[in-house]
Amino acid sequence: MLQRYCRRRPRVALPEGVRPLTTQGLLLAAGAGTRMGRPKALVRDADGTSWLQRAVEVLLDGGCNGVTVVLGAGADEAVSLLDGLGVDVVVAHEWDEGMSASLRSGLEALAGSDAEAAVVSLVDLPDLTAAVVRRVLSEREGDEALARASYHGRPGHPVVLGRAHWAAVADSAAGDAGARDYLARHDTVLVECGDLASGVDVDSRAAG
């Protein structure tokens, strides 16, 4: 089910001569967060900052034309955190099958949009910045794009999936692997971002 919260951000200005690539952020935030003690979409930092709200802001400030958020566990509570942010919401009812179920739900929802690429990110990357998103998006290859951030050589998120790959990614995704196997089999551009963030996902309060 797709819900829409309508308030769009202005588009980020691009360098002269660069054609705008219509991109939709795809934020995966459906997991139960068992080790965290609550769904990660509901987690806040000690200062009260919502991980969910921050992750949306990072994608928008990084140059995405819009954001689609995939919720699952705790969706009824999490959706209220998105009011006024200008995002679309998809509920992945099979979220407990792993990240791939959320990715499939998100890509299916985007199929009816005019986006040329999806910028896939995770809600549990608290030090991810808009600068990382902008750098990965600088690999502008239209609907054939395949690029992902790397951190000192370690592949991570966000991942840019051109529209031409969506169906194949959805078909091949299984368990918690997401698009990992598909990206490993194809010519994916790694964009080094270790100077901007750690890229480490946080699974527990102790890790955070």
Hey, Asp61 modelled with pLDDT under 95 and open to solvent by 10 Å² or more (accessible area, probe 1.4 Å) or not: no
Tabulated pairs, region 193-208, first open to solvent by less than 80 Å² (accessible area, probe 1.4 Å) and modelled with pLDDT under 85, second among the basic types (Lys, Arg) and part of a loop (DSSP other than H, G, I, E, B), C-beta under 8 angstrom, 6+ apart or interchain: Asp203/Arg35; Ser204/Arg35
Selection within region 84-100 - in a helix (DSSP H, G or I) and over 14 Å from the mean Cα position of the chain (by Cα): Trp95, Asp96, Glu97
Looking only at region 57-70, how many residues end up being over 12 Å from the mean Cα position of the chain (by Cα) and of a type outside the set (Asp, Glu)? 2
Any hit, region 40-53, residues being out of contact with any Asp or Glu (no Cβ under 8 Å at 6 or more places or on another chain), open to solvent by 10 Å² or more (accessible area, probe 1.4 Å), at pLDDT 95 or above and assigned to a helix (DSSP H, G or I): yes
Enumerate the pairs (first residue in region 166-192 and free of Cβ contacts under 8 Å to residues at least 24 places away in the same chain; second residue anywhere and of a type in the set (S, T, N, Q)) with beta-carbon separation below 9 Å, excluding pairs fewer than 6 apart on the same chain, so at least 6 apart or on different chains. Ser172/Ser100; Asp181/Ser172; Tyr182/Ser172; Tyr182/Thr188; Arg185/Ser172
So which of Asp176, Asp127 ends up being acidic (Asp, Glu), open to solvent by 50 Å² or more (accessible area, probe 1.4 Å), closer than 30 Å to Ala46 by Cα and at pLDDT 90 or above? Asp127
Looking at (1) assigned to a loop (DSSP other than H, G, I, E, B); (2) crowded, with 23+ Cβ neighbours inside 10 Å, which is the one condition that is false for Thr68? (1)
Considering each of Ser113, Ser121, Ser138 in turn, give the residue that is buried (at least 22 other Cβ atoms within 10 Å of the Cβ), of a type in the set (S, T, N, Q) and closer than 20 Å to Gly66 by Cβ. Ser121
If we ask which residues in region 80-110 are open to solvent by less than 70 Å² (accessible area, probe 1.4 Å) and charged (D, E, K, R), their number turns out to be 2
For region 16-31, the count of residues that are open to solvent by 10 Å² or more (accessible area, probe 1.4 Å) and either at pLDDT 85 or above or within 15 Å of the chain's Cα centre (by Cα) (or both) equals 4
Hand me the list of strands (runs of 3 or more DSSP E) wholly inside region 135-201 holding 1 or more residues that are under 15 Å from the mean Cα position of the chain (by Cα) and among the hydrophobic types (A, V, I, L, M, F, W, C). 146-151, 154-162
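The values are calculated or read from the model by the stated rules, or taken from the named source; none is laboratory data. Keep in mind the model is a prediction, meaning the values are calculated, not measured. In this analysis, Cβ positions are derived from the backbone assuming ideal geometry, glycine residues included, and neighbour counts consider all displayed protein chains. Keep in mind that these areas ignore ligands, DNA and RNA; they rest on the heavy atoms of the full protein, side chains included. Shrake-Rupley method; radii C 1.70, N 1.55, O 1.52, S 1.80 Å.
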